[in-house]
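Here's the structure we're looking at; comments come further down.
The values are calculated or read from the model by the stated rules, or taken from the named source; none is laboratory data. Note that this is a predicted model, so its numbers are computed, not measured. For neighbour counting, all protein chains shown are included, and Cβ atoms are generated from backbone atoms with ideal geometry for every residue, glycine included. What goes into the accessible areas is simple: the full protein's heavy atoms, side chains included, and nothing from ligands, DNA or RNA. Shrake-Rupley method; radii C 1.70, N 1.55, O 1.52, S 1.80 Å.
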Amino acid sequence: AQAAAITATQAATMETADLAALSTAAVRALGTAALAALDSTQIPHLTTAQVAALTSRQIAALGADDLGALTTAQFAVFSSAQVAAITTAQADAMEAADLAALSTAAVRGLGTAALAALDSPQIPHLTTTQVAALTSRQLASLGADDLNALTTAQFATFSRAQVAALTP
């Protein structure tokens, strides 16, 4: 209940040690304005347990720079619901290693708009397991440049349904 009362101004001035000391329940209780007020120097100090506890609304409230400041270990704990909340601006800000750290279940949660927002240089960093897990709808959302950026190994993982999704 106390964490829910933290204002954006208070959150913005929190020391990283204090932020890391919050329980997962307290982090989950933070309002979206308070969470959005955290800056890119504070975000990496959230523990992986705290990141895993974030709600979809909280993920969506993060600025692209803040999401980009998450560590690879933090991205590795994202759930499919959290990934589904990623905006197009946030997806564009993801680093290659962070994208590769997402579980296959999390990748399946990536919205078609967010997936389409990935830049061509990001696409080859999806693992073959992640590419194999993409839904036909997700693949159909990729533009020509993104499809051209796929590697031979990534194409080799396509199922018949995925190939069918690519035909006009």
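Does LEU99 satisfy the criteria of being open to solvent by less than 20 Å² (accessible area, probe 1.4 Å) and either under 19 Å from PHE78 (Cα atoms) or in contact with a Phe, Trp or Tyr (Cβ under 9 Å, 6 or more places away or on another chain) (or both)? Let's see the steps before the verdict.
Working: open to solvent by less than 20 Å² (accessible area, probe 1.4 Å): yes; either under 19 Å from PHE78 (Cα atoms) or in contact with a Phe, Trp or Tyr (Cβ under 9 Å, 6 or more places away or on another chain) (or both): yes.
Against the criterion (open to solvent by less than 20 Å² (accessible area, probe 1.4 Å) and either under 19 Å from PHE78 (Cα atoms) or in contact with a Phe, Trp or Tyr (Cβ under 9 Å, 6 or more places away or on another chain) (or both)), LEU99 qualifies.
Looking at the range 47-80, which of its residues are over 10 Å from the mean Cα position of the chain (by Cα), of a type in the set (Gly, Ala, Ser) and open to solvent by 40 Å² or more (accessible area, probe 1.4 Å)?
Hits for the range 47-80 are ALA49, ALA52, SER56, ALA73.
Could you list, in sequence order, all residues of the range 81-96 that are open to solvent by less than 30 Å² (accessible area, probe 1.4 Å), over 18 Å from GLN42 (Cβ atoms) and of a type outside the set (A, V, I, L, M)?
Across the range 81-96, the qualifying residue is only GLN82.
Do you know which of the residues in the range 142-161 that are over 18 Å from MET94 (Cα atoms), in a helix (DSSP H, G or I) and of a type in the set (A, V, I, L, M, F, W, C) is nearest to the chain's Cα centre (by Cα)?
Looking at the filtered set, the residue picked out is LEU147.
When you look at ALA164, is it assigned to a helix (DSSP H, G or I) and closer than 21 Å to ALA73 by Cβ, yes or no?
Details: assigned to a helix (DSSP H, G or I): yes; closer than 21 Å to ALA73 by Cβ: no.
Spelling it out, it is not the case that ALA164 is assigned to a helix (DSSP H, G or I) and closer than 21 Å to ALA73 by Cβ.
Output the number of residues of the range 110-141 satisfying the condition of being part of a loop (DSSP other than H, G, I, E, B) and more than 18 Å from GLU95 (Cα to Cα). Spell out how you get there, then give the answer.
As a first pass, look at the range 110-141 and keep what is part of a loop (DSSP other than H, G, I, E, B): 110-111, 118-122, 126-127, 134-135, 141.
Now drop any that are not more than 18 Å from GLU95 (Cα to Cα), which leaves 134-135, 141.
Final tally of qualifying residues: 3.
Residues in the range 106-114: is at least one small (Gly, Ala, Ser), open to solvent by less than 10 Å² (accessible area, probe 1.4 Å) and closer than 17 Å to GLN138 by Cβ? It would help to see each step written out before you state the result.
Kept after step one, since they are small (Gly, Ala, Ser), are these residues of the range 106-114: 106, 109, 111, 113-114.
Of the ones still in play, those that are also open to solvent by less than 10 Å² (accessible area, probe 1.4 Å) are 106, 114.
Within this subset, residues satisfying the condition of being closer than 17 Å to GLN138 by Cβ are 106, 114.
Checked against the condition, which is being small (Gly, Ala, Ser), open to solvent by less than 10 Å² (accessible area, probe 1.4 Å) and closer than 17 Å to GLN138 by Cβ, the range 106-114 yields at least one hit.
Hey, LEU99 hits all of (1) touching a helix residue (DSSP H, G or I) at 6+ places or on another chain (Cβ under 7 Å); (2) under 21 Å from SER23 (Cα atoms); (3) part of a helix (DSSP H, G or I); (4) not acidic (Asp, Glu) but one; which does it fall short on?
Result: LEU99 passes all but (2).
If a residue must be closer than 22 Å to ALA60 by Cβ and open to solvent by 60 Å² or more (accessible area, probe 1.4 Å), how many such residues does the range 132-147 contain?
1
Here's the yes/no breakdown for (1) among the polar types (S, T, N, Q); (2) surrounded by 12 or more Cβ atoms within 10 Å (Cβ to Cβ); (3) in contact (Cβ under 8 Å) with a residue 24 or more places away in the chain:
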residue	(1), (2), (3)
ILE123	no, yes, yes
THR127	yes, yes, yes
GLN130	yes, yes, yes
ALA149	no, yes, yes
ALA153	no, no, yes
THR157	yes, yes, yes
ALA161	no, no, yes
ALA165	no, yes, yes
